[in-house]
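Here's the structure we're looking at; comments come further down.
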Amino acid sequence: MKKHLLRLTLVAMVLCANFGCSTTTAQKLNELNLGMSQADVARILGDNYTVEAATTDTNGARLQMWDYSDKKTQAEYRLYFKDGKLAQWGIKGATEFPTLTLPTQK
């Protein structure tokens, strides 16, 4: 029995080494919440992002757009920040900034 368990454990370790045991970006996105800081987002997703654009809207809010790439699946995601807070994210699509509205803080 111990021999069988040891073999099973070794097979699992080899599979993890070959295919990776890391969490995909899609799974990490589930940890995000609107209003999170850019630092919190980078802590969750890692530093595999590119700042694609930054601007200031007509009301003076600072807008920034990040692109993330999942190295395993090659999926691309886009994140939008307003005044340093996460305002929207999803699959990479249009390059223009959407109208960003943060939830009210309680």
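Throughout, read-outs are computed from the coordinates displayed, never taken from laboratory work. What you see is a predicted model, and the numbers here were worked out from it, not measured in a lab. Cβ atoms come from the backbone with ideal geometry, glycine included; neighbour counts cover every protein chain shown.
Cα-based radius of gyration for segment 33-82, normalised by 2.2 N^0.38 Å, reads 1.22.
Straight-line reach from K71: taking Cα to Cα under 19 Å and skipping same-chain neighbours fewer than 8 places apart, the aspartates and glutamates in range are E31, D47, E52. In this label model, A75 and N33 are separated by 2.2 nm, measuring between points 7 Å along each Cα→Cβ vector.
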